1. So what are the ³J(HN,Hα) numbers for the range D:580-587, from phi and the Karplus equation (6.51, -1.76, 1.60; θ = phi - 60°), rounded to whole Hz, Gly and Pro as x?
2. In the P(r) worked out for chain B, what percent of Cα pairs fall beyond 22 Å?
3. With label points built 7 Å along Cα→Cβ from the Cα atoms of D:Ala627 and A:Arg485, find their separation and express it in nm.
4. Report the Rg/Rh value for the range D:553-630, based on alpha-carbon coordinates and the Kirkwood definition of Rh.
5. Taking just the alpha-carbon atoms of the range A:180-260, what radius of gyration and Dmax come out, in angstrom?
6. If you add up the charges near D:Gly46, with Lys and Arg at +1 and Asp and Glu at -1, over every other residue whose beta carbon is less than 15 angstrom from its beta carbon, what do you get?
7. Within the set of other residues whose C-beta is less than 12 Å from the C-beta of A:Leu130, count the net charge using Lys and Arg as +1 and Asp and Glu as -1.
8. Using 1/(1 + (r/R0)^6) with R0 = 30 angstrom and r between the beta carbons of A:Thr51 and A:Ala10, what's the FRET efficiency to the nearest 0.05?
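Computed from the coordinates by the stated procedures, all read-outs in this text should not be read as laboratory data. Everything quoted here is computed from the prediction, not taken from an experiment. Neighbour counts are summed over all protein chains in view; Cβ atoms, including those assigned to glycine, are modelled from backbone coordinates with ideal geometry.
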Amino acid sequence: MLTSLIVVPAVAALIVALVPSRRSELHLPLGFGLSVIPLAIAGVLFFEFETGSAAMQFTEHVPWYEPWGIAWSLGVDGISLGMIVLTTILIPISLAASTHIDQRVKEFVVFTLLLEAGLIGTFLATDLFLFFVFFEAVLVPMYFIIGIWGSERRIYAAVKFFLYTAFGSAFMLAAIIALGLIHASQTGAPSFELADLMSLEFSGSQERWLFAAFAIAFAIKVPLFPVHTWLPDAHVEAPTAGSVLLAGVMLKLGTYGLLRFNLGLFPQASVDFIPLMATLAVIGIVYGAIVAIVQPDLKKLVAYSSVSHLGFIVLGTFALTSAGLQGAVIQNINHGLTTGALFLLVGMLYERRHTKKIAEFGGLAKVMPIFAGVFLFTTFASIGLPGLNGFVGEFLVLIGTYPTLQVFAIIAASGVIFAAVYLLWAYERVFTGEPDREENKVLSDLSGREIAVLAPLVVLMVVLGLYPKILLDRTAASTEAVLDRIEAVTDYEVPEPGRLADVFVVAESEEGE
Amino acid sequence: MTVTPGWYMTLAAVLFAIGLLGILVRRNALIMFMCVELMLNAVNLTFVAAGRALGLIDGQVSVFFVLVVAAAEVVIGLAIIVAVFRQRSSASVDELSGLSG
Amino acid sequence: MIETILFFVLAATSLAGAITVIAARNPVHSAMGLLGTLFSLAVIYVVNLAHLVAAVQVIVYAGAVMTLFLFVIMLIGVDKAEERDETLPYQRQLVIGLAVITCGLAIALATGSGFRWTPAAPAAAQAPNGTIENVAEPLFGEWLLAFEATALLLTIAAAGAIALAYFRRGAPEEVAE
Amino acid sequence: MIELLPLVIALPLAGAVFLHFFGRRIGEPASGWIATLAIGAAFVVGLVNAVPAFTGELHHAEHVAIWDWMPAIGASLEIQWDALSVLMTLVVTGVGTLIHVFAIGYMHGDPRFSRFFTYLNLFAASMLTLVLAGNFAMLFMGWELVGLCSYLLISFWYTKPSAAAAGKKAFVVNRIGDFGFMVALMLIFLNFGTLSYGGVFERAGEVLTTGTAVAIGLLLLVGAAGKSAQVPLYVWLPDAMEGPTPVSALIHAATMVTAGVYVVSRAAAIFELAPAAGYAVATVGAVTALWAATIAIGQSDIKKVLAYSTVSQLGYMFLAAGLGGYVAAVFHLMTHAFFKALLFLGSGSVIHGMADEQDMRKMGGLRKHMPTTAATMGVATLAIAGIPPLAGFWSKDEILGVAFEGGTYGQVLWVVGLITAMLTAFYMTRQWVMVFMGEPRWDDGVHPHESPRVMTIPLVILAVLSVVGGLVNTPFRLGLEHFLHPAFEGIDLAHPSEEMSVFAILAAVSVLAGVAGIAVGYLVYNRPPARWTKFQEGFGGLWTAWEQAYRVDDIYGATIVKPGKRLADAAAFKFDLPVIDGLVNGAGWLVRTVGSKLRVVQTGLVRNYGVLFVAGVLAAVIWMVVAGGGV
């Protein structure tokens, strides 16, 4: 079943490629139609997923290159399930939102479908080598999507995006190979299987170096604070579909990697690196939000807001508490939905006015009430209004982080204020007041197609906001497993909030006698 | 004072050095070519002397291969020189700097 | 005893030939120098019992290669003397520098105790006799593949030379004075 | 009947959703009535379920679970139904219904009529979620949703830039308060492992050290101050007057702003353990009361006076709650909801009649043209001034009584409270007299008329409530205290002293203060305007300070907003782009320059290459010799 999830998009890309470019009007609908199949498979996978167990399910294992122990082995568990479903949802939506693309539609649809195959592969791979192959493969279609269909400085942005990520993943490759060799030295045969590598013994500094190598690659992808400057450029220049997929799924490769590989393979190093990663995350939250406030360009504003939101996810991951981890995994998906919707909306504005500058707009609510309504709705979901999905992730992360990282949690909570500031201020400048410019007066409101594109995201935002239990149940077991393993291997004690309460009770009763 | 193979080796080394010096110093393409020939012959000498020292006939066999390579090289080299010189009058190598970076 | 005298004589002639190759202003003189070196080497081969090699040396090298050289020299008409000054900047100084380093290295190795010529295999009691049979047997036995490769190389060389010559004819006739 | 409780939230929510989609098609009055019906039904369901509370059977909290929300932190959507939430529900739905009826008249002719009622119903649902929440997470959900609705309703006329800015300001300042509230939740979760009220309040005694209790108390105070517009974070309420008047009445007088008082009362178990936090709440309350009262005196906009009056009265409630007088606070909350809603609606009908004129200096002599409004606002003015037997007297007097009993510090606060009572009486009378008495000072073309019956009926009902409301909890028959007692068991409620003599003296002093305020107000402002300015100059610079509300907005602007923007600009355009991006592009530049330097080596000359070649070989040989231990 999992292999079909990867193969179907690839075959779909092939089919679309075979359609002659004369019939260009066929490509997008065909691509959209084909992309619904993986969505169906992912849906089946989601409901057949056994909620209780933390083990990898639906695993497939086909030896690829025996001497080095590389295998086509796939598996899904609580952590990656959400991301698979999110990817299969966002691909059809971004295709449907790309009707404004006129030149070379065929290549666009082919690259998007290949991107989908690569992304799903990355989340499903349980063999590190296979993971790396997909991790790199994903860059190529995105490079072309940004490079060909982007706006003015697209070449610069595409090259910067590609080189930056490739630079990071070079370290990761070295670490993966090192792992394979260590495995060979300890157990005879080299292997890249995640389960095998988890049982390896490392010397102190060795583990820390390997952790650092993986962390660099994923930190660039997340992006964490110092290495984030490729994101605004990539987002501003990418076409709507590119931005949606880049923010919605590709950034999560970083957070997913940190959780799956950094925490999974190097528990002791993760515990040692908590202060550093937490600091970078918190800086990302506050810095991303502050910088977002004064961005003149809507897309850059949303890009920096992504830096801020993903800071929350990394903070939740490295808080190493059950609520924190669950919050991080859920926020991965919620951020994908809200920011995806925001980018779709900004894209629709761009299609109408061919500009993203906030100053160019004003008083649009009068001209486009439905659009303004949906934008406000998404803004509040992104700010983290309870009842909508943004809140669930952020609240879980903040509440979960406090037991271990008190000061960090409080500073991160201030990010909530800045989020309100920059988004509402942007909303105010763009939508309220009288439309003063002529071009703004004649803008058309949302068309049926656009509403159809946004509707599933809006529904999901409300459903996940009020009833996140369907997702929380599926991730709880896996995140607990990660924590138990860290607790078992290292001397780190996962704080059970409330146990403190019992502790107090016990302590007091002893003092009492 | 019997002649040990080492002597032949040193002679070959000196010949090689002279050939090398010739390439670096002279500007005329043909002279440089001859120097290359000189260096190849020095190598042949080492092969033969080593073969004699080690009692292996292979030393002399490999001389043939060096010879073949030298011959092929001369053929092509001279053809190029002739072709190039059709365009330019002087034989100096320094004019041929079209491939500069 | 006789071998030592022979060695010194032949060494002298070959070195002299080599020096004339690089020193002579007229290419023809350097060609003659090269020829001298080749002949003295041939004799050295004989002294080292490499008879076939000596014969081949004389026939192929001295005969074919040198004639080709002379032919080309005459064809292009570069047989007049040319000035000896150095055009490239730093070239001369660099070469001298390298020469000094090389001599330094050579002397250091020669006088240094550590570096002795220790052949990998023990010195053979009996030096191989380079007769045609002795050489031919390994040439067509062990080294057959290499032999075939050289055959291929020669055909390519021939084709290359013709190709070079052939294309030239198409090009407009430049005046080569 | 308890199972029907979720309906209390569901009905207004359903109303909001229905109107959102079909409101425009239903058209003007109908959508208003549907909304009113929705909240009215909620009131009925609440009333039905409140009967056991009145009869005293509801002696422990009932729980109705809806569904699991975030199990990892003990957060689920569950309703807690005890005396406190009963009272709050009835106030919210009761006053809410009246305001909905009023709004149908007030919003007549507005193009987005149905959208307004969608937001009003959504607000009602959110406030009820807040009030009925069974755990802190759901409380926080209601807390923020209420902030959302206030944002939507303040900037309802979004085409007015000032309204949009006011909405954003309200939401951001509320968010600052929510930040404090969230940190409090973090502390609670760390210590209790769950956020449900049951888990927290029962074990509060054993689990919390006084230090953490004080910390949680103070953080809850920050959250409450943000929502109930107390001293540091009150700046958003006066600007919130940009919204339509029914909004001001419902949200910024009766319900939302009281959420802070509700939270402090709900978390009484925690404040019980932290007297220091209690005193902090009381002090903030007293300071706010006095501070806002002084500003209200100088305001000339009819709604601004009421806004600062609300801030001041909320200060009173915080004063009582801080000293442990939760019943007094809730009692004042209820009575205040009645007469303040009445005042706002009254001002709404005045504005409606005066063609949206809000400046009192352009009014005067309206009692002849708007008799009902004048009469009902007169009643409310007397009530808020604390004239017996009206509601305001009983509730304010009980607060002052609680303060008086609260030890020496309590008595200091009592004095502050007394002064504020006098100021309150003064500025309310000033307002009433300027609007309804004296010579008409209208602009030309304005001809005030009495509002239609759909607006005046709620005024009359609220007037009756303002009169009757006080009798619920007179010292002779502590009705409310008895009613609320089950919600506060295990907490020793502070209340005024029992002996009649102390009560009598206190009552006399507070009535005296009230009457003095009214007298001064009446004497000064019943004269032609020239007389006013002479009176106002008597205060010299103070009066202008009050008028400009001590220029607090400018101070905040200069100390927080402007530096914040400069910091953001510096971070974005001086640090992020040049430095970090610079580093990245710098790497590219570095590679390019090194490359161009190396190009020189490629001369194209064979002999140069020869030299390099030989040099390389020599280096390798030397390295081998040296490494090989040759020389």
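1. Calculated HN-Hα couplings, in order: 5, 4, x, 4, 5, 5, x, 4 Hz.
2. Numbers: 2179 of 5050 pairs.
It works out to 43 percent of all Cα pairs.
3. Distance between label points: 4.1 nm.
4. On the Cα set of the range D:553-630, Rg over Rh gives 1.53.
5. Gyration radius and largest Cα-Cα distance of the range A:180-260: 16.7, 49 Å.
6. Values: positive: none; negative: D:Glu3, D:Glu62, D:Asp82.
The answer is -3.
7. Spelling it out: positives minus negatives among the neighbours equals -4.
8. 0.50
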